[in-house]
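Each remark here refers to the structure printed beneath this line.
The values are calculated or read from the model by the stated rules, or taken from the named source; none is laboratory data. This is a predicted model, so every value here is computed, not measured. For neighbour counting, all protein chains shown are included, and Cβ atoms are generated from backbone atoms with ideal geometry for every residue, glycine included. The protein model used for the area step is the full one, side chains on, heavy atoms only, and it has no ligands, DNA or RNA in it. Shrake-Rupley method; radii C 1.70, N 1.55, O 1.52, S 1.80 Å.
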Amino acid sequence: MTLTLKQVRYFIAAAETGQISHAAMEMNISQSAVTAAIQGLETQLGVRLLERRPTGVTMTAEGARFLNHARAIVAAVDDAVRSPLGEGARITGRVRLGVTYTVAGYFMARHYARFRRSYPGITLDMIELPRSAVEEALVDGQLDLSVMLTSNLSNHRVLDHETLFRSRRRLWLPSDHPLLSAPAITLADVAQEPYIMLTVDEASETAGRYWERAGLQPETVFVTSSVEAVRSMVAAGMGLTILSDMVYRPWSLEGQRIELRTLVDSIPSMDVGLAWARERPMQEAAAVFRAFISVALGSG
C-alpha cells in the first residue's frame, strides 16, 4: 500500500471543511483532483472515509478515526522537514503552559507526548484553567504561554495571539431525525426543536450571541458542562445541538450514531491557538514550544 502526502492532505481539507469545493479552494487545485485523491485513498484503505451528500461530505466512523492518523502523519512530516536533527536534545528549560478545558480534553495529550519526546530537556508544566484565569495568569507572568480558544480571547490590549486552526460549528442530530432529509437547515428550523446546551468553555455565551443575532432563541431542554452527556442525549433523540467539529465524534458512548449538518446561517467557528503577554520577552523554551505546536496544528 502506497499512500501519498497529497492524498492525506486533500482528505484532511475535505474532512475539516465538509465541502470538496472548499477543500479544492484551500489547496488551490481542482475539485476533481480532490475527489480522485480521496477515492484513491479509500480504495487503498478498503473503507469509506467520507459520505457524499447534497450539502457536502461527512466523515464515516472510519473517516473520523483515520483523520487523527492523517493529522499525525502530516505533522510528523512537517516536523521532520522543519526541525534540524538533534536540535531537541540541546535545548533545556521549563514552560508554564495554560490550557482550557476543550484544548486539554480533545488534542493536547498527544501533542504533549510528542513534544516531550522531541525536547526531553524541556519541562512542560500544563495547567488547566478557565479562559479568564488563563488570561490573568498570562498578564501576571504566572504562565508563559497558553493553548486556548482564541475566539474567546478578551484582553487584546495586553495579550497577543496566533490562531492555529478554525473548527466549524455544525448541527448535531440523531440518525433518524426528520431534518436529515431537508435540503437546507436554518437556525429557525432548529429553534422549533428541543435543544441541548453545552456550557463548558463559554459555549453557551457564544451560542447566545449568534442566536440573538438571528433574532431567535433555542428551546433548551437541558444544560450541561459535559460534552459526552450532549453526545449521548443527541444520539438518543432528546434534542439537537450546535457544536464544533473538533469535539464531534460520529458515535455516542452507547454506540448510537450522531449525524452532522451545516446550517444555512452564518455560525462563528471555534478558533484554537496560542496566547502570550505582548510586552514580556519569550524565553527560549517557550519559543520552541510555540514553533512546535504551530507546526503540529497545521499553521507552521
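State the extension gain, in nm to one decimal, for the chain segment bounded by S175 and A236, taking 0.36 nm per residue of separation less the distance between their alpha-carbons. Working shown, then result.
Numbers: separation 61, 0.36 × 61 = 21.96 nm, distance 0.90 nm.
So the chain would gain 21.1 nm between S175 and A236.
Which helices, taking whole DSSP H runs in the chain, have alpha carbons extending 24 angstrom or more along the helix axis plus mean Kyte-Doolittle at least -0.5?
On the way: long enough: 61-82 (32 Å, 0.24).
Correct list, ordered by number: 61-82.
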Output the relative contact order of region 5-82, whole-number percent, from Cα pairs under 8 angstrom with separation of 6+ residues. 31 percent
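Using r as the Cβ-Cβ distance of S132 and E219, and R0 as 35 Å, what FRET efficiency do you calculate, to the nearest 0.05? Write down the numbers at each step before the final one.
Details: r = 29 Å, r/R0 = 0.84.
So, using R0 = 35 Å, E works out to roughly 0.75.
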Please give the residues of region 150-181, grouped as numeric ranges, whose backbone N is less than 15 Å from a label point set 7 Å along the Cα-to-Cβ vector of M25. 168
In units of 2.2 N^0.38 Å, what is the alpha-carbon radius of gyration of region 183-236? 1.14
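How many times 2.2 N^0.38 Å is the alpha carbon radius of gyration of region 226-300? Please list the in-between numbers first.
Values: Rg = 18.1 Å, N = 75, 2.2 N^0.38 = 11.3 Å.
Relative to the 2.2 N^0.38 Å estimate, region 226-300 comes out at 1.59.
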Region 74-195 - Rg over Rh from alpha carbon coordinates, Kirkwood radius: 1.11
Provide the per residue accessible area, probe 1.4 Å, for the chain, rounded to a whole number of square angstrom. 47 Å²
According to a simple spin-label model (label point 7 Å from Cα along Cα-to-Cβ), what is the distance in nm between Q39 and S204? 4.8 nm
In the chain, taking the dipole from +1 charges on Lys and Arg beta carbons and -1 charges on Asp and Glu beta carbons about the Cα centre, the listed residue (A207, S32, S294) farthest towards the positive end is S32
Percent RCO, i.e. relative contact order, over the chain, from Cα pairs under 8 Å lying at least 6 residues apart: 22 percent
Which value, in debye to the nearest 20, describes the size of the charge dipole of the chain about its Cα centre when Lys and Arg Cβ atoms bear +1, Asp and Glu Cβ atoms bear -1, and nothing else is charged? 840 debye
For the chain, take the convex hull of the Cα atoms, compute a quarter of its surface area, and give me that in nm², please. 16.5 nm²
Hey, can you rank 31-37, 254-260 by average C-beta count inside 10 Å, highest first? 31-37, 254-260
Note to self, the chain gives a 222 nm [θ] from helices alone (DSSP H runs n ≥ 4, -39500 (n - 2.57) apiece, / all residues, nearest 500) of -12500 deg cm²/dmol
Send over the semi-axes of region 169-267's equivalent ellipsoid, whole angstrom and largest first, taken as the square roots of 5 times the C-alpha gyration tensor eigenvalues. 19, 16, 12
Taking just the alpha carbons, could you work out the radius of gyration and Dmax for region 5-82, both in angstroms? 11.9, 39
Among 113-121, 56-64, how do they line up by average Cβ neighbours within 10 Å per residue, starting with the highest? 56-64, 113-121
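So if I place +1 on the C-beta of Lys and Arg and -1 on the C-beta of Asp and Glu, and nothing else carries charge, what would the dipole magnitude of region 207-300 be about its Cα centre? I want it in debye, nearest 20.
On the way: 9 positive and 10 negative charges, 30 e Å.
With Lys and Arg at +1 and Asp and Glu at -1, about 140 debye.
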